[in-house]
Amino acid sequence: MKRLSIALAATLVLGGDLLAQAVPEGAQATKVPMAYRRTPQLRVDPFRHVMIPHWGLVISGGGLAGNNTVTIADARAMWYLIDNDAELVGDALDLLSNVPDGDGFRLDAEAEGGVYLGGPFGRHFSLGISAKARSYGIGNIDDAAVSLLRDGNVARQNFDLGNSKGVALGTEEFGAHGVIRLGPIASEDGVVLTLGGGARLVKPVFYYAATTTLDSRLYVASDSVAAAVTIDALASIDVDFSDISLGSDLVADFMVRLEWPTSGIAFEAMFANFGSVTVENLELQSKTFEVNSTYITEVLDSLETDFAVTDTVSVTVKLPRIIRFAASAWANRFLQIDVSARLKTTGTVFEYPFEGELGTTWRLIRQLPLRVGLIVGGAQDIGFSGGLGLETRNLFFSVAGRSIGGFLTEGTGVAGRLELGFFF
Amino acid sequence: MRITRFIPALLAVGTAVTGCEPGSITEARNELRDGPARTLQLSVPVARDTFVVDSVLADFLDVTTVTLSDGLLAVEVTDGSFGLDVGAVTGAVSGPFGPFNFPVQDGVEFVGGDLNLGGFEDAARDATLNTAFAVVTVVNEADVPATLTDFVVGVVRIDPGTGNLDSVGGQPDWQTDGTGTPIQVMLADGAGNTFDVPRSAAALDTLFSAALVDRLVDMLLDGERVALVGSGDVTVGDGSNATIAATDQLLVTLKPVLGFDFTLPPAGVTVDSSVATQGLDLDDDNANDMAARTDSAVVTLDLVNSTPLGVEATVIVVADSLLDAFAAPAQDQIPIDVVSVSPGQVDAGGRVTQATSEVTGVNLSGAEAQAFMGPWFTAGIRLRLFPAAGGRSAIRSGDWVGLSASVAIYVRMGGTP
């Protein structure tokens, strides 16, 4: 943090000289509010609306779902076969062949929806409040378990299931965020410093986390099948949106943005979702599956299951932090280029890999931005994004989408976001 | 909205936007096969069976088999009994009784039906006896103690014409060994020459005499009429109070037991077994698809021989659940392999000390592998036990042959269609 502070200070002092690029003559940049120069994010972005320099109401919603195996075209083909009663076991095997070696099968989902109300108090300060519902989900079937179906049991008979898990968290959130705009500093071409901060009161409404124990394993040989699998689960007993007994916690968000409007260059750092939520009144469940069979075909006959609720507990779940650094510049009269990097998220059940994005915003018409981007990294290695918006004084509309893991039908996931705002 | 409706609806919207609607089932299937080419290697059991020689031979020996203390398999000849009249000799009495001493002699005929060795008759005739003995049970029906003295049991031929025992000078014409010595064995407690039978009780002894039993069996197998005869003295009563009836007897029961080295007929002994197993339970469409995807299928047979005999196993598979796979029409039988394994290692007594085994792999075509993809398949195992070349073959009841068969099916998945 100290190094970051020094860098920021140096940038503030020297920025005017260092950032010599000027916005091209007649560029749309000079006519677009700063809020709209921030490239929309498809994940959590608490400052998205409070940056808008008008009083108003924004309704927004979006979701993201992806996996590392099944493309949209695959899914459509499978449904086509099912619709025509033509699906075969071999078709499922073909799908399984896509599960990457060593990774297992992964699912990743996130969704949010809600309303925002707020606006500016003068030139330098904006404040907004929001109410949202949000959910996170992640799932992983250990590669060893997939391997049994994908690779078979000739070369390998022991299959550990120790890293299989599925976690889902749903929350209600009530937030208040503000931004302070300072500048231009030092000169008319100087930097505009925007500091953002806020907090959200997050109330979990449901939680389910299931993990296989480390000693869970399968043994499948031609002459015997044995399985000892234990799944420990934490589960909300009831899903009741009015029940406050599940607890609530404060989550903090921060943002620093440096922008040289006349140069068309900006840098931003955002720290969001810093905090944990305590989920109370969870059942600690243990499910065991045991098989001891001579023949693989008699597994179901010998399956013994047990289910027990061993305790009622509360757990603290660290939300998936977002640490994102972004930079943008105007390349010409119409084009804005953004580069962003979201650091790897660790230390939580919701772990996300590093993700970088190169985005372009085309403003052939100032109020109608078109966005196209390329994502690298992330859970599916590559992705493509696109969107369009309508940004007027009284109406704000934005739709954005992302194809994850490939382009359109060859993607293994999709993300979408829709925003509609009315300003007074 | 139910998820089953929601997902197709969502896909329909996606299809409309992206234009990824498959034009045909083939196109849809080709889309799914666009992933990396892999091979699913699936190993499933075909059959596993253990043939315990005791049980196998029981089908051929119409006699009761027993296991001796060293595990050797032996044949029990149907027992025969004769009574030594003591009451009739001494007369009925109640009060102080005896002792009275008098000679006794009687016998019991054994007939060919008592020893039905089936296809082993020749083998048994020429067999090397490992052991042979007769279990003797003497039941004293009288309420007085009895002691047999110098009581011997031997083999005596019965004249088929008269039905009488062969005799010389009024005495039984005992069968003799190569030196002309009568083949007799004395019934005695320990090393003495007497055998005590308490009042109203039974006493047991075992007459260890391979020559006695061997001769009995040989004569039976030769179709001769033959009897085991007991002859000696008996002392009844000891002067104490007793009650004896005229019909009281000492009932002597003889049960010959024959443990021999089996030398099977040259053609061997064949036994069939069928093992029905659940298959992959694919319907016809799936089975055809899987067969088309099958690069290869390898059946591995593992035959373990823990008998002193040679073993040959013929394995077939029929795509059905059958009690007898070999009874299926020939065109339905898929021959897998014929595997032979040499006899287990034996000690000087012909007893197995270490099993031998043979593992083979047989390639099947995709069409043949389809036999394993239905709801059931039956593996037929034809096991032939045949004589070992040279050496001894002492069968123990626990001797066994194990066969385990599995099939590894290599199925293509993914890859460019």
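The values are calculated or read from the model by the stated rules, or taken from the named source; none is laboratory data. As the structure is a prediction and not an experimental result, all values here were calculated from the model. Positions of Cβ are generated from backbone atoms using ideal geometry, with glycine treated the same way; all protein chains shown enter the neighbour counts. Please note that ligands, DNA and RNA were not included when accessible areas were found on the heavy atoms of the full protein model with its side chains. Shrake-Rupley method; radii C 1.70, N 1.55, O 1.52, S 1.80 Å.
Quick look at the values:
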| quantity | calculated |
| --- | --- |
| Any hit, the range B:21-40, residues being modelled with pLDDT of 70 or more and more than 11 Å from chain A (Cβ to nearest Cβ) | no |
| Verdict on B:Ala355 being within 19 Å of the chain's Cα centre (by Cα), at pLDDT 90 or above and more than 30 Å from B:Pro36 (Cβ to Cβ) | yes |
| From B:Arg384, B:Arg392, residue being touching a strand residue (DSSP E or B) at 6+ places or on another chain (Cβ under 7 Å), modelled with pLDDT under 85 and open to solvent by 50 Å² or more (accessible area, probe 1.4 Å) | B:Arg392 |
| Yes/no for A:Ile72 being touching a residue at least 60 places away in the same chain (Cβ under 8 Å) and either among the aromatic types (Phe, Trp, Tyr) or open to solvent by 20 Å² or more (accessible area, probe 1.4 Å) (or both) | yes |
| Enumeration of residues in the range B:157-185 that are open to solvent by 80 Å² or more (accessible area, probe 1.4 Å) and among the aliphatic types (A, V, I, L, M) | B:Val168 |
| Residue among B:Leu220, B:Leu216 that is in a helix (DSSP H, G or I) and either within 17 Å of B:Pro99 (Cβ to Cβ) or touching an Asp or Glu at 6+ places or on another chain (Cβ under 9 Å) (or both) | B:Leu220 |
| Enumeration of residues in the range A:332-376 that are open to solvent by 70 Å² or more (accessible area, probe 1.4 Å), touching a residue at least 40 places away in the same chain (Cβ under 8 Å) and over 21 Å from A:Val44 (Cβ atoms) | A:Arg333, A:Arg366 |
| Single unsatisfied condition, B:Asn363 versus (1) under 26 Å from B:Gly71 (Cα atoms); (2) of a type in the set (S, T, N, Q); (3) open to solvent by 60 Å² or more (accessible area, probe 1.4 Å) | (1) |
| Residue that is within 10 Å of chain A (Cβ to nearest Cβ) and either without any contact (Cβ under 8 Å) to a residue 24 or more places away in the chain or among the charged types (D, E, K, R) (or both), where the choices are B:Asp272, B:Asp283, B:Asp295 | B:Asp283 |
| Where B:Met290 falls short, out of the listed (1) outside any strand (DSSP E or B); (2) open to solvent by less than 60 Å² (accessible area, probe 1.4 Å); (3) within 30 Å of B:Thr90 (Cα to Cα); (4) not charged (D, E, K, R) | (3) |
| Test for A:Gly377: is it over 18 Å from A:Ala73 (Cα atoms) and more than 14 Å from chain B (Cβ to nearest Cβ) | yes |
| Pick from the range A:146-171, criterion free of Cβ contacts under 8 Å to residues at least 24 places away in the same chain and open to solvent by 70 Å² or more (accessible area, probe 1.4 Å), ranking: farthest from the chain's Cα centre (by Cα) | A:Ala155 |
| Residues located in the range A:173-207, provided they are out of contact with any Gly (no Cβ under 9 Å at 6 or more places or on another chain) and farther than 16 Å from A:Pro120 by Cβ | A:Phe174, A:Glu188 |
| Only listed residue being in contact with a strand residue (DSSP E or B) (Cβ under 7 Å, 6 or more places away or on another chain) and open to solvent by less than 20 Å² (accessible area, probe 1.4 Å), chosen from A:Ser385, A:Ser403 | A:Ser403 |
| Any strands (runs of 3 or more DSSP E) falling wholly within the range A:79-183 and containing at least 3 residues that are closer than 30 Å to A:Ser314 by Cα and either touching a Leu at 6+ places or on another chain (Cβ under 7 Å) or not acidic (Asp, Glu) (or both) | A:105-120, A:125-141, A:165-182 |
| Residue within the range B:7-20 that is modelled with pLDDT of 75 or more and open to solvent by 60 Å² or more (accessible area, probe 1.4 Å) present | no |
| Matching residues, the range A:74-93, being among the small types (Gly, Ala, Ser) and at the interface with another protein chain (Cβ under 7 Å from one of its Cβ atoms) | A:Ala75, A:Ala77, A:Ala86, A:Gly90 |
| Residue identified as surrounded by 17 or more Cβ atoms within 10 Å (Cβ to Cβ) and of a type in the set (Ser, Thr, Tyr) among B:Thr247, B:Thr235, B:Thr243 | B:Thr235 |
| Among (1) out of contact with any Phe, Trp or Tyr (no Cβ under 6 Å at 6 or more places or on another chain); (2) charged (D, E, K, R); (3) open to solvent by 30 Å² or more (accessible area, probe 1.4 Å) - the single one A:Arg324 does not satisfy | (3) |
| Single residue of the range B:135-183 satisfying the filter (in a strand (DSSP E or B) and among the charged types (D, E, K, R)) that is nearest to B:Leu220 (Cα to Cα) | B:Arg157 |
| Residues that are at the interface with another protein chain (Cβ under 10 Å from one of its Cβ atoms) and buried (at least 22 other Cβ atoms within 10 Å of the Cβ), drawn from the range B:298-308 | none |
| Residue satisfying all of: in the range B:107-133; modelled with pLDDT under 85 and in a strand (DSSP E or B); farthest from the chain's Cα centre (by Cα) among these | B:Phe133 |
| Test: A:Tyr208 is assigned to a strand (DSSP E or B), open to solvent by 20 Å² or more (accessible area, probe 1.4 Å) and within 14 Å of another protein chain (Cβ to nearest Cβ) | no |
| Subset tally (residues that are open to solvent by 10 Å² or more (accessible area, probe 1.4 Å) and either within 12 Å of chain B (Cβ to nearest Cβ) or more than 30 Å from A:Val277 (Cβ to Cβ) (or both)) for the range A:134-144 | 1 |
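Let's see how each residue does on (1) part of a strand (DSSP E or B); (2) closer than 14 Å to A:Ile265 by Cβ:
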residue	(1), (2)
A:Arg324	yes, no
A:Ser328	yes, yes
A:Arg333	no, no
A:Gln336	yes, yes
A:Val339	yes, yes
A:Gly347	no, no
A:Phe350	no, no
A:Leu358	yes, no
A:Arg363	yes, no
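Table: residues versus (1) touching a residue at least 12 places away in the same chain (Cβ under 8 Å); (2) assigned to a strand (DSSP E or B); (3) under 18 Å from B:Ser273 (Cβ atoms); (4) assigned by TED's automatic domain parsing to the domain that holds B:Val44.
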{"site": "B:Val315", "(1), (2), (3), (4)": "yes, yes, yes, yes"}
{"site": "B:Leu322", "(1), (2), (3), (4)": "yes, no, yes, yes"}
{"site": "B:Val339", "(1), (2), (3), (4)": "yes, yes, yes, yes"}
{"site": "B:Val359", "(1), (2), (3), (4)": "yes, yes, no, yes"}
{"site": "B:Glu368", "(1), (2), (3), (4)": "yes, no, no, yes"}
{"site": "B:Ile381", "(1), (2), (3), (4)": "yes, yes, yes, yes"}
{"site": "B:Arg384", "(1), (2), (3), (4)": "yes, yes, yes, yes"}
